Amino acid sequence: MPEQFVFATSVFVLIASVILLSIILWAIPVRLWVEAISAGVKVGILYLVGMRLRKVNPPAVVRPLIWATKAGLPLAIGDLEAHYLAGGAVDRVVRALISADKANIDLSFQQAAAIDLAGRDVFEAVQVSVNPKVITTPRVAAMARDGIQLIAIARVTVRVNINRLVGGAGEETVLARVGEGIVSNIGSSDTHKAVLENPDNISKTVLARGLDAGTAFEILSIDIADIDVGKNIGAELQTDQAEADKRVAQARAEERRAMAVASEQENRAKVQEMRARLVEAEARVPLAIAEAFQSGNLGVMDYMRYRNIQSDTSMRDAISEGEEDQSEPLG
């Protein structure tokens, strides 16, 4: 029993020692401290322990500081630690500073840290500033004054402007402005042939408009990569307009015809109404004569004279109708 107890105690002490040693090595990054000392970076081992307590990953700060020191950049470990705590990428910022220093680009740590915290890749920005980037516009369709549609694709060579990287517009704005300039230039051309003959006029005109104002880039050149002839939009618009005019004319003609039919029906109704009134008035004549006989206002001789006049009028009408028939030429 004593031997088993001693063995168990020894195993427990060994395990506890290993765990304690692991905790000490984690809390005190001796290897990292040796790397820093050998690289000429003055950082105390207690400072590294304090970084652990401040929830800062020491390698993420010390190793970029070693890179900067070897590159001849005087950076303070406190600034790097503060940038780490702010959520920035310390290694990316230091690489950007080293690249900018080698390319003779004026870039301070505060500026690089601000660019990184703004969500932009500062290292890529420095690379694009040294080596310009080419971005291609989507297919831009525009119509010349002769009604022919042209579809153009342009390649824009840009270089990052470090001073305007924070708060400046991105690639989408540059592409939108270039597309707008292409549409405006093609639209102001008299014919599509003039555009096809001199596509470089588009590049010169668009480039002279200062489209990079307020953006994070400087436009170096705009090159028209391809121009295709699209539809004859002018002819299509004229055809559509003619069809619309035709439909309007047909609608107006139908309206006039309907109004004429309605007017004719109204006239017929008025004639029928007048005939009805005439028939009604003629029907009242015998009643009036009978009433005149009864009241003594009309005698027999008066009635006979009325009949004679009526017969004479009918005879005259018949004679006049016969003369009109004789005057018509024979077929």
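The values are calculated or read from the model by the stated rules, or taken from the named source; none is laboratory data. Keep in mind that what you see is a predicted model, and the values were worked out from it rather than measured. Every residue, glycine as well, gets a Cβ built from its backbone with ideal geometry; the counts of neighbours run over all protein chains shown. The accessibility values were calculated without ligands, DNA or RNA, using every heavy atom of the protein model including side chains. Shrake-Rupley method; radii C 1.70, N 1.55, O 1.52, S 1.80 Å.
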Query - DSSP bridge pairs, the chain: antiparallel proportion in percent, nearest 5 - result: 95 percent
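Can you give the charge dipole size of the chain about its Cα centre, rounded to the nearest 20 debye, using +1 on the beta carbon of Lys and Arg and -1 on the beta carbon of Asp and Glu? Display every interim value, and only then the final one.
Details: 35 positive and 42 negative charges, 547 e Å.
Once rounded to the nearest 20, the dipole reads 2620 debye.
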**Report entry** the stretch 107-233 - Rg over Rh from alpha carbon coordinates, Kirkwood radius
**Finding:** 1.09
Query raised in the report: What accessible area, in Å² to the nearest ten, does a 1.4 Å probe give for Y47?
Result: 80 Å²
Query raised in the report: Hey, got the Cα dimensions of the stretch 105-163 along the principal axes, in Å, largest first?
Result: 56, 21, 15
Report task. Run the dipole for the stretch 42-100 about the Cα centre, Lys and Arg Cβ at +1, Asp and Glu Cβ at -1, nothing else charged, and hand back the magnitude in debye, nearest 20. Result -> 140 debye
Query - Highest-MSF residue in the chain out of V261, V156, V134 [GNM, Cα springs under 10 Å] - result: V261
Report summary line: With every protein chain kept in place and a 1.4 Å probe, the stretch 152-264 has an accessible area per residue in Å² of 59 Å²
Report summary line: Excluding ligands, DNA and RNA, the carbon-plus-sulfur percentage of the accessible area of the chain with a 1.4 Å probe reads 57 percent
Report summary line: Rg from C-alpha atoms of the chain, normalised by the globular rule of thumb 2.2 N^0.38 Å, equals 2.64
Query raised in the report: Given the rule -39500 (n - 2.57) for each run of at least 4 DSSP H residues, summed and divided by the residues of the chain, what is its mean residue ellipticity at 222 nm, to the nearest 500 deg cm²/dmol?
Result: -22000 deg cm²/dmol
Report task. Round to a whole angstrom and tell me the spacing of the C-alpha centers of the stretch 29-47 and the stretch 112-177. Result -> 43 Å
Query raised in the report: Put +1 on the Cβ of each Lys and Arg and -1 on the Cβ of each Asp and Glu in the chain; which of N308, A96, G230 then has its Cα farthest toward the positive end of the dipole?
Result: A96
